[in-house]
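K.L.:
Submitted below is the structure of interest, expressed as structure tokens.
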Amino acid sequence: MEKAIKKYWPIFVLPTLAAFSIGFIYPFLQGLYLSFCKFITIDNATWNGIKNYLYAFTDEAFLHSFFFSAGFTIVSTLLINVIAFAIALALTRNIKGTNLFRSVYFLPNLIGGIVLGYIWQILINCALALLEKPLLAVNPTFGFWGLIILMCWQQIGYMMIIYIAGLQSIPSDYLEAARIDGANEWQILTKVKIPNVMPSITICLFLSVTNGFKLFDQNLALTAGEPGHMTEGLALNIYDTFYGRVGPQWKGYGQAKAVIFCVLVIVISLIQLRATRSKEVQQ
Amino acid sequence: MANITFKHVVKAYDSRDKKGEKIVVVPDLNLEIYDKEFVVLVGPSGCGKSTTLRMIAGLEDVSGGELYIGDRLVNDVEPKDRDIAMVFQSYALYPHMTVYKNMAFGLELRKTPKEEIEKRVLEAARILELEPYLKRKPKELSGGQRQRVALGRAMVRNPAVFLLDEPLSNLDAKLRTEMRSQIAALHKRLQTTFVYVTHDQTEAMTMGDRIVVMKDGNIHQVDTPQNLYNQPCNMFVASFIGSPQMNFIDAKVEKDGDAYALCFEGCRVPSNKAELADYVGKEVVVGIRPEDLHAEGSFNSSCGFPIHVEMAEMMGSEIYVYFNVNGNPDGKKKIARIPSRENIHSDDDVRLLIDVNRVHVFDKETQAAICH
């Protein structure tokens, strides 16, 4: 069997490789080329050199959206993971109704980002109106925290499931050995549980960081970047640049921003993966 | 003083069985383990031996009764405050810590000074020959080395009680024999109370000062290895201790002048044990260890019976001879250990002689020992 796989590996690899090439590698390379062009459709692209990149790096709205996304990612990643881990800890304690709680916490993840965005827009605006505060569309601070609340609401359940799986995979012997060694609950958490759930932490941080930077539909539905692009994340800024303006140069600018965005997400994710993977242990 | 006392200890779980009754794992346990003693809890799977050990450790709540370590009632005392150390079947070494850290962890939590920690860890590592591995992580060690680290982690704490839960069951046969003698030597060196759980009767026989034989949460016999082997209190203990296990054959007690005779398989085994007086004319079960059956010609005995050899297993120095008898209370094939020079083969018809001084007699109904 193994010999046959070794001999005929191209046949096994070919379907996936073809799909990956057509669906990802070719569009990516074409996108890379187009980021140096002016175009309206991909057939009539004309070479524009590095002007698109120069524009992107000097576009204040783009720079603002980078800092907005970075801030949003840091806050949302911290909150989502701390809360998800705390809930996972609570729901792995053999208390009654854990399955019900797990399902309830996971449910928001089944609702699409756009729908959630509009639901939370209504909820938050109602609350702000009752408190006689400015609505989301005119207050960037409320917009930022609104997005944080929305993302926490959507993502905590998902991350909780990953943390629960990680916590449940820790052999009970480790915890019992720690209890006999003299560890209290906090010491068991910090010195035994957390080091042993590092693989889950790696995955959850990776997902939270990439989701934070890639935030789009929730951003579009909740604030649409208002007021005046102040609550606009990177993805929404790219979308606005590409589709929101008329003229061949805007497509090129948008494409250049998309390439920068892609590189940025890859670099940050790799740094994060490297940092947390080094702390993972094999049981 | 680190004696351990169980007074009517009960362990029950909240979950219920098919009849709707609470699941009781240990119904009523009474046991005294003396200071500095090496006691082995032994029994088949599900007999409650690990639960008993975990109650001593504080990892299982005591549902009823009183459990003392020394003079202190420990029913509600946290594991960390019981002055115990435990070696787990899976070793339970923290995978993210080095061997040194694993051994030092308990001491660090107890805020022991660094110099003292280093001294104790290095001393334990020297005794257990772990010095070259102190900077390694558990995954970089062999099974035997991991086991020694687990022992070292317990040792450095100088606990009053050492608890060992089937610590050798993940090792291969050769390593197990080696570690057995290491643990026994460790007990001598440390002079601490050891409570050791195993289902392997060879481990129990070779290591324990006393052995506690358990079944269904009940203690059947607590005694020295020699007494357990020579004077089992019932058929369960007789069958559990000894490998291959004791043969049981139905027999009838008859009066033979002033004495008695045990009649089975056409032979009469004379006995002058007064305990048999109440059983004259009644059926009993005779227990004969495989090594107390001998091939004709190599042993002098007036009692014997013919057998047809169902199977002969050559074990090197001896042959395990399997045969059937008519009165067969446990329905198992009987077995005799015959020196290999006797040259017995499958399908042979031979005569086996009984060492009449080593016959055990059990009550057929209660299965309790009548005499040995």
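K.L.:
Looking only at region A:239-283, count how many residues are aromatic (Phe, Trp, Tyr) and touching a residue at least 60 places away in the same chain (Cβ under 8 Å). Talk me through it step by step, then tell me what you get.
P.N.:
As a first pass, look at region A:239-283 and keep what is aromatic (Phe, Trp, Tyr): A:239, A:242-243, A:250, A:253, A:261.
Narrowing further to those that are touching a residue at least 60 places away in the same chain (Cβ under 8 Å): A:253.
Counting residues in region A:239-283 that are aromatic (Phe, Trp, Tyr) and touching a residue at least 60 places away in the same chain (Cβ under 8 Å) gives 1.
K.L.:
Is it fair to say B:MET55 is within 14 Å of chain A (Cβ to nearest Cβ), within 26 Å of A:ILE188 (Cα to Cα) and within 20 Å of the chain's Cα centre (by Cα)?
P.N.:
yes
K.L.:
What's the number of the condition A:HIS229 fails, among (1) in contact (Cβ under 8 Å) with a residue 60 or more places away in the chain; (2) out of contact with any His (no Cβ under 8 Å at 6 or more places or on another chain); (3) more than 14 Å from every other protein chain (Cβ to nearest Cβ)?
P.N.:
A:HIS229 satisfies every listed condition except (2).
K.L.:
What about A:LEU220, is it of a type outside the set (Asp, Glu), more than 14 Å from chain B (Cβ to nearest Cβ) and surrounded by fewer than 22 Cβ atoms within 10 Å (Cβ to Cβ)? Step through it out loud before you land on a result.
P.N.:
On the way: of a type outside the set (Asp, Glu): yes; more than 14 Å from chain B (Cβ to nearest Cβ): yes; surrounded by fewer than 22 Cβ atoms within 10 Å (Cβ to Cβ): yes.
So A:LEU220 fits the description; yes.
K.L.:
While we're on this one: If a residue counts only when it is within 23 Å of the chain's Cα centre (by Cα) and among the basic types (Lys, Arg), which helices (runs of 4 or more DSSP H) contained entirely in region A:178-276 have at least 1 such residues?
P.N.:
A:198-214
Residue-by-condition table, conditions (1) under 19 Å from A:ALA177 (Cα atoms); (2) touching a Gly at 6+ places or on another chain (Cβ under 6 Å):
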{"site": "B:PRO44", "(1), (2)": "no, no"}
{"site": "B:CYS47", "(1), (2)": "no, no"}
{"site": "B:LEU53", "(1), (2)": "yes, no"}
{"site": "B:GLU60", "(1), (2)": "yes, no"}
{"site": "B:SER63", "(1), (2)": "no, no"}
{"site": "B:GLY70", "(1), (2)": "no, no"}
{"site": "B:PRO79", "(1), (2)": "yes, yes"}
{"site": "B:MET86", "(1), (2)": "yes, no"}
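K.L.:
Can you name every residue in region A:252-283 that is of a type in the set (Val, Ile, Thr) and more than 14 Å from every other protein chain (Cβ to nearest Cβ)?
P.N.:
Within region A:252-283, A:VAL259, A:ILE260, A:VAL263, A:VAL265, A:ILE266, A:VAL267, A:ILE268, A:ILE271 meet the criteria.
K.L.:
Now for a separate question. A:ASN139 is checked against (1) touching a Lys or Arg at 6+ places or on another chain (Cβ under 9 Å); (2) surrounded by 22 or more Cβ atoms within 10 Å (Cβ to Cβ) and fails just one. What number does that condition carry?
P.N.:
Going through (1) touching a Lys or Arg at 6+ places or on another chain (Cβ under 9 Å); (2) surrounded by 22 or more Cβ atoms within 10 Å (Cβ to Cβ) one by one, A:ASN139 breaks only (2).
K.L.:
Residue by residue through region B:318-372, note down the ones that are farther than 30 Å from B:ASP278 by Cβ, touching an Asp or Glu at 6+ places or on another chain (Cβ under 6 Å) and assigned to a helix (DSSP H, G or I).
P.N.:
B:SER340, the sole residue that qualifies.
K.L.:
Output the helices (runs of 4 or more DSSP H) that fall wholly within region A:2-118 and possess 3 or more residues being at pLDDT 90 or above, within 30 Å of A:ILE162 (Cβ to Cβ) and under 29 Å from the mean Cα position of the chain (by Cα), or say none.
P.N.:
A:9-20, A:60-90
K.L.:
With (1) over 30 Å from A:ASP181 (Cα atoms); (2) surrounded by fewer than 21 Cβ atoms within 10 Å (Cβ to Cβ) as the list, and B:VAL237 as the residue in question, which single condition is left unmet?
P.N.:
(2)
K.L.:
Quickly run through region A:155-180 and pick out the residues that are of a type outside the set (Gly, Ala, Ser) and at the interface with chain B (Cβ under 7 Å from one of its Cβ atoms).
P.N.:
Those that are of a type outside the set (Gly, Ala, Ser) and at the interface with chain B (Cβ under 7 Å from one of its Cβ atoms): A:PRO171, A:ASP173, A:TYR174, A:GLU176, A:ARG179, A:ILE180.
K.L.:
Then there is this: Based on what the data block shows, is A:LEU189 within 11 Å of another protein chain (Cβ to nearest Cβ) and closer than 28 Å to A:GLN155 by Cβ? Quick ask: steps written out before the conclusion?
P.N.:
Working: within 11 Å of another protein chain (Cβ to nearest Cβ): no; closer than 28 Å to A:GLN155 by Cβ: yes.
For A:LEU189, the condition - within 11 Å of another protein chain (Cβ to nearest Cβ) and closer than 28 Å to A:GLN155 by Cβ - is not met.
K.L.:
Determine if region B:106-117 includes at least one residue that is closer than 15 Å to B:VAL87 by Cα and not charged (D, E, K, R).
P.N.:
Yes, region B:106-117 contains at least one residue that is closer than 15 Å to B:VAL87 by Cα and not charged (D, E, K, R).
K.L.:
Follow-up question, since we're still on this one. Identify, by number, the condition in (1) closer than 30 Å to B:LEU163 by Cα; (2) touching a helix residue (DSSP H, G or I) at 6+ places or on another chain (Cβ under 7 Å) that A:PRO195 doesn't meet.
P.N.:
Only one criterion is unmet by A:PRO195, namely (2).
The values are calculated or read from the model by the stated rules, or taken from the named source; none is laboratory data. Note that the coordinates shown come from a computational prediction; the quantities given were computed from them, not determined experimentally. Using ideal geometry, Cβ is built from the backbone for each residue, glycine included, and neighbour counts are taken over all protein chains shown.
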